[in-house]
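Just so it is clear, none of the values below were taken in a lab; they were calculated from the coordinates. In this text the structure is predicted, and so the values were computed from the model without any measurement. Here the Cβ positions follow ideal geometry from the backbone for every residue, glycine too, while neighbour counts run over all protein chains shown.
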Amino acid sequence: MTHDHDLVLRPTAAQTEAALNPPPGRTGGDLVVESLAALGATTVFGLPGQHALAVFDALRRSDLRYIGLRVENNAGFAADAYGRITGEAAPLLLSTGPGALTSLAALQEARAASAPVLAICSQVPTAGLGGGRHGHLHELPDQAASFRGVVKSVHTARTHSQIPSAIAEAWTSALTVPHGPVWVEIPQDVLLAETSIPVVSGGDTFPEELPPRPELTAVAADLLTRAERPAIVAGGGVVRADAAKKLRQLAERLQAPVVTTYGGKGAFPWTHPLSLQSWLEDRHTTDFLEDADVLLVVGSGLGELSSNYHTFAPRGRVIQIEADLGKLESNHPALGIHADARLALQALLETVGERTDPAAPERVSGVLDKVRARIAAQDLTLEQDVLAAVRKALPTRAPSFWDMTILAYWAWSAFDAKAPGTMHSAQGAGGLGYAFPAALGAAAADPTHPVLAVSGDGGALYSVAELATARQYGLSVTWLIVDDGGYGILREYMTDFFGQPTATDLPGPDFVALAESFGVPGVRTSPETLETDLAKALAAPGPSVVVLPAVLRTFAPTHTE
């Protein structure tokens, strides 16, 4: 009898010949590049550095496409977006010490947003590992320790033979739900040394699926079927699992209103009769969700931004489906189902009964009417007009990337993403400088659509160097910079809390002239001409910059009431 685990794939004659006679002059850097190609990588991001030069030299001998950014953190943001768009692990090549540490904020965002990034970094020579102070350039006592609290897993290869397996193991970790960034480091001398190991040709990895426990979905289905006022919160896990269609089927079968979190934008149709849209930072929405007798939370940990700053206090039964075990029941007691959103929703669809609730759409429209009335009473026409102009100018399938800026805070609640996986922001970790380099990564992933980046002037200054990257690679990204002369949201916060702002004013450059100095077309627009100028820029190939001088305000919060 032959069992599956007894089967061994035998190499072909050509593979045997290649293994016995590998090309001369290969190094540990070649093993890195060959491992990536064998796993299916086609594009890598990063910056060269002294300890990592062997990897970059190996790129020259490969078919991998290299996108080089000007700052390591921005390279991390670009890899993050590439992973979000493609669902593949995005290789990020870094160098020891300062280069590695500069990527930390980007990797924190990738971890918070479950973006699969495969960071591969050099290390000091092998003799310098182990915590001794040998005085090597870029030396850290324990470089990997700086990343263990940020990434999903850490992998070290100390010999040539360990490189293919370490990279394959890291690749599997990055793509096992919940997706996330992983860290591989290899000493400089190992990368530089010539190798006699055969060319890496096998790279199949099989990330494990995360199905729900059937006894838990049976209880959840029974609770939802018998509920009188069910409601659903759909988070980023729905988008990442490509489960939007299953979510809609379940909501319609249950006649359950759906609100999407800021990370779950596009998971449910914006204009659907059951759509509460994304107005989570609003007391009317919070009250509605608290009144649900059964609340299904899919792919969200109900963190600060998804719970109206932790003022949400459910009175009914909560069912939480979450792939990240650390988020399961971390904020509210629930029937916790540790599972991938797609697999869990499919299980519910197979077991849940059908409900009828003709009044559900009316209750949804009632909540949205209250939200609109609250916003309308605050004299925020300019902000709403600007956001509407962006939506009209942006093609339906075009992805958008938003920095931590006032217009993005509006977009979280009020922007119709049109489709799942088309709106991305840095609200996972909340760092500045995300939008433009991330948009470059998205343009590299899919050049068939224009890409929009939205930043304030403060966030723009974090990543302005990447105008050179956009120009170098001809990436079709339009960068909308809302210039209010400072950190606008911090100015608002400080004025509200302390009576006056401090350290929030930023005398900045002429962004149009700055863009043009990089060879990138720039235009200064106004709220009245924004739609036309933005649409024109998005329609043109290559990068462009649109600058909107405007002081925008956020709508009044309700979590302090």
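Label-to-label distance for residue 330 and residue 496 is 2.5 nm, based on points extended 7 Å past Cα in the beta-carbon direction. Our coupling estimate for the stretch 423-438, obtained by passing each phi through the Karplus curve with A = 6.51, B = -1.76, C = 1.60 and θ = phi - 60°, is 10, 9, 9, 8, 6, x, 10, x, x, 7, x, 6, 4, 5, x, 5 Hz, Gly and Pro reported as x. Peptide packing: for 149-156, 311-318, the average count of neighbouring Cβ atoms within 10 Å per residue gives the ranking 149-156, 311-318, highest mean first. Taking all Cα pairs closer than 8 Å and separated by 6 or more residues, the relative contact order of the stretch 413-486 comes to 32 percent.
Annotation: extensible slack from residue 503 through residue 249 equals 86.5 nm (criterion: 0.36 nm per residue apart, minus Cα-Cα distance).
Highest mean packing first, where packing is the average number of other Cβ atoms within 10 Å per residue, the peptides 397-408, 258-269 line up as 258-269, 397-408. At an R0 of 56 angstrom, the distance between the Cβ atoms of residue 204 and residue 354 translates into a FRET efficiency of 0.85.
Give the percent of DSSP beta bridges with both residues in the chain that are antiparallel, rounded to the nearest 5. Could the numbers behind the result be given before it?
On the way: 2 of 61 bridges.
Of the beta bridges lying entirely in the chain, close to 5 percent run antiparallel.
Computed FRET efficiency, Cβ-Cβ of residue 513 and residue 242, R0 45 Å: what is it to the nearest 0.05?
Taking R0 as 45 Å, the efficiency between residue 513 and residue 242 is 0.55.
In the stretch 40-172, what percentage of the DSSP-assigned beta bridges are antiparallel, given to the nearest 5? It would help to have the intermediate numbers written out before the result.
Values: 0 of 11 bridges.
Restricted to the stretch 40-172, the bridges split so that about 0 percent are antiparallel.
Only Cα pairs under 8 Å and 6+ residues apart enter the sum, and on that basis the relative contact order of the stretch 44-187 stands at 25 percent. From the alpha carbon centroid of the stretch 155-231 to that of the stretch 81-116 is 15 Å. Computed over the alpha carbons of the stretch 94-158, Rg followed by Dmax gives 12.2, 37 Å. Can you give me the distance in nm between label points at residue 165 and residue 528, each placed 7 Å from the Cα along the Cα-to-Cβ direction? Taking the simple label geometry, residue 165 and residue 528 are separated by 7.0 nm.
Considering only the Cα atoms of the stretch 441-561, their convex hull presents on average a projected area of 8.9 nm².
The stretch between residue 270 and residue 218 holds 15.8 nm of extra length on full extension. This uses 0.36 nm per residue minus the Cα-Cα distance.
Once the piece of chain linking residue 384 and residue 551 is laid out straight, how much longer is it, given 0.36 nm per residue of separation minus the C-alpha distance between them? Don't skip to the answer; put the middle values down first.
Details: separation 167, 0.36 × 167 = 60.12 nm, distance 1.29 nm.
Gain in length upon complete extension: 58.8 nm.
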